[in-house]
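A.B. asks: I have a structure here, written as structure tokens, and I will follow up with some questions on it.
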Amino acid sequence: MVRELESHTPATIEYLGDPKQYISVVLAAIDHGRLTYDGVANCEQTFRSLANVIDVISPKNGKALSVETLVSYEKKERSGEFKDYSEGDFE
């Protein structure tokens, strides 16, 4: 009997909203202990892992942002450069 191999390609989720809002929501989940990487609140590794299954689509050009761009946004958010998002003002 020959078994057909199933494709084990992981599903991809596309986030079509504001990338800075995505960063803010994920960081809030990490800060509240709801999202961890191997049980640790490691922001950079969490974003790198999420990038394997979630494509954050740029509203400007319709292309997925790179992992490095997301990590850069994460660092800017944590340093306070995206203050309007960290305070919950998404408009």
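A.B. asks: Here are the criteria: (1) of a type outside the set (Asp, Glu); (2) under 12 Å from the mean Cα position of the chain (by Cα); (3) closer than 14 Å to Ile13 by Cα. Tell me which single one Ala29 does not satisfy.
C.D. replies: Single failed check for Ala29: (3).
A.B. asks: Tell me the residue from Ala41, Ala11, Ala64 that is at pLDDT below 90 and open to solvent by 50 Å² or more (accessible area, probe 1.4 Å), please.
C.D. replies: Ala11
A.B. asks: Can you confirm whether Glu91 is outside any helix (DSSP H, G or I) and either β-branched (Val, Ile, Thr) or modelled with pLDDT of 90 or more (or both)?
C.D. replies: No; evaluated as a whole, the condition is false for this residue.
A.B. asks: Further question on the same structure: Output the number of residues of segment 47-61 satisfying the condition of being outside any loop (DSSP other than H, G, I, E, B) and among the small types (Gly, Ala, Ser).
C.D. replies: Qualifying residue count for the region: 1.
A.B. asks: OK, next. Name the residues in segment 30-46 that are assigned to a helix (DSSP H, G or I) and either in contact with a helix residue (DSSP H, G or I) (Cβ under 6 Å, 6 or more places away or on another chain) or over 17 Å from Ser79 (Cα atoms) (or both), would you? So that I can check it myself, show each step before the final result.
C.D. replies: Just the residues of segment 30-46 that are assigned to a helix (DSSP H, G or I), to begin with: 30-31, 43-46.
Result: Ile30, Cys43, Glu44, Gln45, Thr46.
The values are calculated or read from the model by the stated rules, or taken from the named source; none is laboratory data. These figures come from a predicted structure and were not determined experimentally. Cβ: placed from backbone, ideal geometry, glycine included. Neighbour counts: every protein chain shown. Surface accessibility is based on the protein's heavy atoms, side chains included, excluding ligands, DNA and RNA. Shrake-Rupley method; radii C 1.70, N 1.55, O 1.52, S 1.80 Å.
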